[in-house]
Every structure is written in C-alpha cells, then in structure tokens.
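Each remark here refers to the structure printed beneath this line.
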Amino acid sequence: MNFPDSANSKPPIRRTASRSVDFESRAAIESYIDGLNQRAPVAHRDIKSWGPASTPSLQLTVLPMAAAGQVSEQIFLTEPQNSFVLDVRSQPKAAAGSPYLVGLVLSGSVSLTQAGGEFVAHAGEGLIISPAEVERAQFSANSHFIEFAVPRDNLLRLGSELAPGEVSGAPEFTTMLAPTLAQRMLFMARQAARLLQSSESTPATLPMFERWKEMIALTLLHEQQAGRSQPLPAAAMKPRSLSRALDYIDANAQCDILLSDIAAAACVSVSSLLRHFNEHMGQSPMAFLRQVRLDRARAELRRGDAGLIRDLALRWGFQSAGKFSQAYQRRFGERPSEGRKAGR
C-alpha cells in the first residue's frame with residue numbers, strides 16, 4: 001500500500017541502495033498506477049496533481065521477501081520517488097490481515113488519516129501503519145519514501161516472549177515514529193534488504209534476514225507499543241503451526257471459517273491445534289477468532305464507516321446485534337455506540 005518539502009531542521013534519512021525502474025511520462029505512470037490498483041486492491045491510488053516538475057517521473061523499487069534467485073509473492077520493501085501528488089485510499093476489507101507497514105520519509109511529506117486522527121510525517125520522520133485502519137494517505141510532490149512490511153505473526157510470537165502473560169492479540173502502536181527511531185528502523189531495514197539483494201546468497205542468508213525482521217519487530221514492541229491486551233498465562237516459544245493458524249485467522253477473520261479450516265491451514269489435527277492454543281494463547285482458536293473480529297468491528301466503528309450495529313454484527317460473524325453488543329462490552333468495557341462516539 002504505497003504511503004509516500006520539508007525545510008525542516010530534522011536530518012533527512014539516507015536512501016537505501018537498490019535497483020529501480022523509472023517511469024518518465026504521464027501515460028506510463030498512469031498505466032502503472034491503473035495496473036497496481038487492479039493487482040493490489042488493498043488500496044486505491046489516484047494522481048491528484050502533477051506537481052511543479054516539467055517532466056513527471058516515478059522511480060520505484062520493489063523488493064520481494066526472498067533472497068536473490070528465489071521467488072516470493074510477498075513484498076518486504078517498496079521505495080517510490082514521485083514528482084506528483086499521490087492520493088491513496090484504503091480498502092479496509094481487502095486490507096484485513098495485511099502486515100503492519102513502517103513508512104520512512106526521506107524527502108517531501110506524507111499525511112495519514114485514520115481512526116486515531118490525522119498525522120503528517122516530514123523528512124527524517126516515520127509512521128507505523130496498520131492498512132486496515134487507514135482511511136487515506138497523501139504523498140506530496142517530489143516525495144521520496146521507504147515502506148517495509150512487519151508480518152503480524154512475528155509481532156504476535158515475539159510479543160508473547162517479550163511480555164509473557166500480557167499479549168493476546170495484535171498490538172496497538174503509536175502512529176508517529178520519533179526521528180531517532182525512524183533512523184534506526186531504516187538502518188535495520190537496509191541491512192535486511194542487503195541480504196535479499198546479495199547475488200552471493202548462502203544457506204545463512206535467509207536465517208540472517210529473519211533475525212533482522214525479528215529485531216525490527218522487537219524494537220517496535222519495546223519502544224512504540226501504545227498498550228497491552230488482555231493477560232495470558234506465560235508461554236514458551238510458539239510452534240510454527242500456531243503461527244500459521246494465527247496468520248490464517250488474521251487474513252480470514254471476516255469469512256465463515258470453522259475450527260477444521262484453521263487446523264488445515266496450520267497443517268495439524270484439530271486436537272493438536274486446540275492443545276497449542278491452550279498452551280500458548282490461553283484460549284481456544286474460536287475464542288481468539290472472536291477477539292480478532294471484535295477488534296476489527298471496533299476499528300470500523302472508530303472510522304465511522306460501520307453502518308448499522310445489526311449489519312456490523314452480522315458482518316463479523318455474530319448472530320444478532322444483542323450478542324455482539326454483549327461480547328463487545330465484555331472485551332472493551334463500553335457499548336458499541338460509545339465506540340462509535342470515541343472515533344469521532
């Protein structure tokens with residue numbers, strides 16, 4: 001989800017070295033953005049104005065989450081540099097389950113609108129973004145931006161290790177990154193990117209890349225987390241099957257999924273899945289799914305696009321508005337109507 005003149009006193013972040021593709025005409029840029037809207041429906045992108053440059057330009061780097069010579073559909077890092085004003089409107093349903101994104105402004109500025117308010121980042125500053133909670137982002141003309149993914153399963157797993165007994169769902173982060181933290185984030189992302197770009201990959205390349213991803217996630221959990229979720233019993237390292245189950249729930253929370261579907265996605269039996277959730281999450285898979293759905297419903301309420309409470313309840317798998325309201329109040333200590341007001 002692309003989130004890209006500041007005469008600001010903060011030092012700009014240095015550019016990460018990488019190969020790029022250049023688009024140097026309006027037709028080429030418009031064609032690329034139209035295609036991107038079709039291929040990546042988590043957001044809709046529009047050119048608001050062509051900016052002051054006499055010749056429009058877009059320079060773009062996209063780095064897959066795999067080392068050289070390997071194939072991956074997941075994107076780790078995107079680096080756009082554009083001469084025009086770009087408007088990005090999120091499609092929350094399509095963005096549900098997407099990784100968190102760390103956005104770092106190298107030049108120009110980016111403005112972000114979401115349930116928690118409006119934020120503007122200038123050169124040297126950064127943002128941490130949950131795509132499903134964003135309403136709109138706008139990049140200034142002559143902006144240069146780096147965005148990289150922080151997978152949710154990393155945050156869930158490492159969060160339970162960093163603070164045993166305090167993490168049960170996706171963490172909440174403060175949106176704006178301080179300039180010092182933004183610089184450190186870029187340093188770590190640059191080190192991870194160099195491993196992926198290396199033409200001399202070794203058996204250690206991907207494990208080293210995974211360590212850098214973990215360092216990024218741990219730093220955000222330690223320094224940027226806004227709050228803790230409901231308490232859990234202390235747990236040991238989560239098995240891979242549990243990470244797969246959490247990923248599947250995160251990506252399919254709005255679908256009509258069964259316990260057997262989660263077990264199949266995790267590549268384990270239903271009994272093993274239940275045991276893993278009980279040992280590491282302190283609850284059943286379906287209870288965790290309900291928490292995720294309530295969190296997504298609350299995000300819709302706070303954005304102001306939830307519609308009728310009855311429709312919201314049905315959309316997130318509750319049989320009636322009454323049952324939804326009871327579950328909502330138990331989880332958040334407020335009625336859905338109060339959640340709607342809080343987002344205004």
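The values are calculated or read from the model by the stated rules, or taken from the named source; none is laboratory data. Keep in mind that what you see is a predicted model, and the values were worked out from it rather than measured. Neighbour counts are summed over all protein chains in view; Cβ atoms, including those assigned to glycine, are modelled from backbone coordinates with ideal geometry.
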The strands (runs of 3 or more DSSP E) lying wholly within region 107-158 that contain at least 1 residues that are in contact with a Pro (Cβ under 7 Å, 6 or more places away or on another chain) are 109-114, 134-139, 143-150
Which one of the conditions (1) closer than 26 Å to Leu112 by Cβ; (2) surrounded by 19 or more Cβ atoms within 10 Å (Cβ to Cβ) does Leu273 fail to meet, given that it meets all the rest?
-> (1)
Taking the condition modelled with pLDDT of 90 or more, part of a helix (DSSP H, G or I), surrounded by 13 or more Cβ atoms within 10 Å (Cβ to Cβ) and outside the structural domain of Arg136 (by TED's automatic domain parsing), does Leu289 pass?
-> yes
